[in-house]
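Report on the structure given below.
The values are calculated or read from the model by the stated rules, or taken from the named source; none is laboratory data. Please read these numbers as outputs of a predicted model, since none were measured by experiment. Here the Cβ positions follow ideal geometry from the backbone for every residue, glycine too, while neighbour counts run over all protein chains shown. Note: accessible area is taken over every heavy atom of the protein model, side chains too, but ligands, DNA and RNA are not part of it. Shrake-Rupley method; radii C 1.70, N 1.55, O 1.52, S 1.80 Å.
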Amino acid sequence: MKILVIGASGRVGGELVKQLLADEHQVIGTTRQEKKLFDNDNYTQLDLDITASKKSIEKQLDQDIDAVYFVAGSGGKNVLEVDLHGAVKTMQAAQDKGIKRYIMLSSVFSLETEKWDNNPNIADLKDYYISKHYADHWLVNNSSLDYTIVQPGALKERDGTGKITINDTNSGENAIEDVSTTLAAVLTADNTIGKVFNLHNGDIDINEAIATV
C-alpha cells in the first residue's frame, strides 16, 4: 500500500514508519527536517506544513494514497493550530482527494470528557485534550472517512512487550513501540473501521486484542 504518515519524525511516527517499511509498504513521511529520515527505497519524504491552508495541504497529497496516518503533535506548544486545526485540515484534504482510510493517533479518553476531572495526568494537559477532543469529534461526526482512532495512555520510551489491553477504564502506560505496532496492525484490520479504542500495556497479543475491537 501507499501510505502517508503525517508526523514521521516524532517518537511514535518514527517507529511506525519502520514497521510499515518492514511490511514492504510504500511510505511517504512528512517532516519539517531536511535530512531524509530513512534510507529505504520504499520511503520518500514530504515537507508538509499542516498550519498552511487546506488547499495548500491538498495540493501536496498524491492522488493514489491508500491510507493516511496522523501521528503529528505540537508537543503542547501550538495545540490549536496543530493538534486541532491542522489535524482537521488533513482530514478534509484526504476526503477531498478521495482517500478513504484515515488512522488517528489520539489520547486516552479524548472523547469521554466526564473522565478528565478525575485524572491528574489529563488535568495537566487540558488544552491538548480539548484540541484532541474536537479533532476526534470532527473525524467521527463530520467526515466520511474510514477512520480508526487509537487512544493510548502515557507514552514511555521502553522496550515493547507486544501485548496490550484495550478499552479499559484505566488510562495506563504504553511502550511507544507497542503503540506503533498497534497502529500498523489496524491498517488492514477492517473490523477497526469506524471504531475508537483506548489501550495500554497488558497481557493480550496485539493482533488478538485488535481482533476484538
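A few remarks follow.
- Between amide H atoms placed 1.01 Å from N, distances below 5 Å from residue 101 occur with 68, 146, all of them 5 or more places distant or on a separate chain.
- Cleavage-rule hits (trypsin sites (Lys or Arg not before Pro)) in region 1-95: DSSP loop, at most 13 neighbouring Cβ within 10 angstrom: 32, 35, 36, 77
- Relative to one another, the C-alpha centroids of region 168-185 and region 55-80 are positioned 21 Å apart.
- Sequence-ordered 3J(HN,Hα) estimates for region 187-197 from the Karplus curve with 6.51, -1.76 and 1.60 and θ = phi - 60° stand at 3, 10, 9, 4, 5, 8, 5, x, 10, 10, 9 Hz, glycine and proline given as x.
- Coil-residue GluC sites (Glu not before Pro) of region 149-202, DSSP, other Cβ within 10 Å capped at 16: 157
- Amide H partners (placed H, <5 Å) of residue 46, local residues excluded: 29, 30, 31
- Note on the chain: Cα Rg divided by 2.2 N^0.38 Å, N the number of residues, gives 0.94.
- Distant-in-sequence amide contacts of residue 156, defined by a placed amide H-H separation under 5 Å and a gap of 5 or more residues or a different chain, comprise 174, 175, 176.
- Sulfur and carbon atoms: percent of accessible area, the chain [1.4 Å]: 43
- Equivalent ellipsoid semi-axes, region 75-198, via Cα gyration tensor eigenvalues times 5, rooted, Å: 22, 19, 13
- Scalar couplings 3J(HN,Hα) for region 13-20, obtained by applying the Karplus form with A = 6.51, B = -1.76, C = 1.60 to θ = phi - 60°, are x, x, 5, 5, 4, 4, 6, 5 Hz; x denotes Gly and Pro.
- With the whole protein complex present, residue 112 retains an accessible surface near 50 Å², based on a 1.4 Å probe.
- Sequentially through region 143-154, phi angles give Karplus couplings (6.51, -1.76, 1.60; θ = phi - 60°) of 10, 10, 6, 7, 8, 9, 10, 9, 10, x, x, 4 Hz, Gly and Pro residues having no value and appearing as x.
- Accessible area per residue, Å², the chain with all protein chains present, probe 1.4 Å: 47
- Counting only protein chain heavy atoms and rolling a 1.4 Å probe, the accessible areas of 138, 116 rank, largest first, as 138, 116.
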